[in-house]
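Enquirer: Okay, here's the structure, questions in a sec.
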Amino acid sequence: MSESTDSAVPADQTGGQPGEVAEAGPADRIAAGYAFTGPALDLGALLWDGRCLPDRQIRIPLAMLNRHGLVAGATGTGKTKTLQLIAEQLSAGGVPVFLADIKGDISGISAPGTANDRIGERAHDVAQSWEPTGYPCEFYSLGGIGPGIPVRSTVTGFGPVLLSKVLQLNQTQEQSLGLIFHYADTKGLELIDLKDLRAVVAFLVSDQGKSELKGIGGLSTVTAGVTCGR
């Protein structure tokens, strides 16, 4: 941006008359929207025009954390670190957190970090103190595979999208699996385990179920059979 957004700039340098109070810039207005008192998450300082503004802190009240939120940004902009920061502070505030950590990026909060110059510099930039801290964690294992507390789920609860990822299905097979789930749902068929799913697919590709298969639309016998075989 060509103009300064720092409210500390004297009025006579922003086009006003000497002695006038400078108008709040965009950075001030944004910071004002996050200036909360009481229990809150401290997410750091406002980044504006490529500069970190430590006097403009971003805080979210704990009472607002029962709402939906979105952390968005390009690769390397700090999405995972932001989630980690939120989870740590919620834990410290006595709020239980459940994280579906597919890649294991956030599981490190269970152990204290190691201080270094980069962390110290970053903490200084955002006007915050940092101490290595580990937080209590319990790990869950879906289906009892791998370390952690075993957790069971029905195939219906698992859903076609996540199941497609686990079975490593291609796009066509994933769409076909979605149609199978849709058929089971419309017929009121509860898919408890993979045997139930295979039974539904086996029926659809059988002579008795061919008419039902045609009614689904977009699902071929071959694709259904391959999906069942996996």
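The values are calculated or read from the model by the stated rules, or taken from the named source; none is laboratory data. What you see is a predicted model; the values in this text were computed from it and never measured. All Cβ positions, even for glycine, are placed from backbone atoms using ideal geometry, and neighbour counts span all protein chains on display.
Enquirer: Looking at Gly44, Gly50, Gly76, Gly69 in this structure, which one is under 22 Å from Pro132 (Cβ atoms) and assigned by TED's automatic domain parsing to the domain that holds Ala123?
Expert: Exactly one of Gly44, Gly50, Gly76, Gly69 is under 22 Å from Pro132 (Cβ atoms) and assigned by TED's automatic domain parsing to the domain that holds Ala123, namely Gly44.
Enquirer: Working only within the range 146-197, note down all residues that are touching a residue at least 40 places away in the same chain (Cβ under 8 Å), of a type in the set (A, V, I, L, M) and closer than 23 Å to Ile102 by Cα.
Expert: Answer for the range 146-197, where residues must be touching a residue at least 40 places away in the same chain (Cβ under 8 Å), of a type in the set (A, V, I, L, M) and closer than 23 Å to Ile102 by Cα: Val155, Leu167, Leu169, Leu177.
Enquirer: Continuing with this model, one more query. So which residues in the range 157-169 are more than 23 Å from Asp105 (Cβ to Cβ) and at pLDDT 85 or above?
Expert: Result: Gly157, Pro160.
Enquirer: Let me ask something else about it. State yes or no: is Val126 more than 19 Å from Leu41 (Cβ to Cβ) and β-branched (Val, Ile, Thr)?
Expert: For Val126, the condition - more than 19 Å from Leu41 (Cβ to Cβ) and β-branched (Val, Ile, Thr) - is not met.
Matching residues to (1) at pLDDT below 85; (2) acidic (Asp, Glu); (3) under 18 Å from Ala127 (Cβ atoms):
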{"site": "Ala8", "(1), (2), (3)": "yes, no, yes"}
{"site": "Asp12", "(1), (2), (3)": "yes, yes, no"}
{"site": "Gly19", "(1), (2), (3)": "yes, no, no"}
{"site": "Ala27", "(1), (2), (3)": "no, no, yes"}
{"site": "Gly44", "(1), (2), (3)": "no, no, yes"}
{"site": "Leu53", "(1), (2), (3)": "no, no, yes"}
{"site": "Arg59", "(1), (2), (3)": "no, no, yes"}
{"site": "Leu62", "(1), (2), (3)": "no, no, no"}
{"site": "Thr75", "(1), (2), (3)": "no, no, no"}
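Enquirer: Any idea how many residues of the range 129-147 are modelled with pLDDT under 85 and surrounded by 12 or more Cβ atoms within 10 Å (Cβ to Cβ)?
Expert: 2
Enquirer: When you look at Thr154, is it at pLDDT 85 or above and surrounded by fewer than 10 Cβ atoms within 10 Å (Cβ to Cβ), yes or no?
Expert: no
Enquirer: What number of residues within the range 57-103 satisfy the criterion of being over 14 Å from the mean Cα position of the chain (by Cα), of a type in the set (Ser, Thr, Tyr) and part of a helix (DSSP H, G or I)?
Expert: Result for the range 57-103: 1.
Enquirer: Looking at the range 81-120 only, could you name the residues that are under 19 Å from Ser141 (Cβ atoms) and surrounded by fewer than 12 Cβ atoms within 10 Å (Cβ to Cβ)?
Expert: Correct list: Pro96, Phe98, Ala100, Ile102, Lys103, Gly104.
Enquirer: While we're here: Would you be able to tell me the number of residues in the range 82-123 that are touching a strand residue (DSSP E or B) at 6+ places or on another chain (Cβ under 8 Å) and free of Cβ contacts under 8 Å to residues at least 40 places away in the same chain?
Expert: Of the residues in that region, 1 qualify.
Enquirer: Something else about it: I'm told Val126 meets every condition in (1) touching a residue at least 40 places away in the same chain (Cβ under 8 Å); (2) exposed (fewer than 12 other Cβ atoms within 10 Å of the Cβ) except one. Can you identify the failing condition by its number?
Expert: The failed condition is (2).
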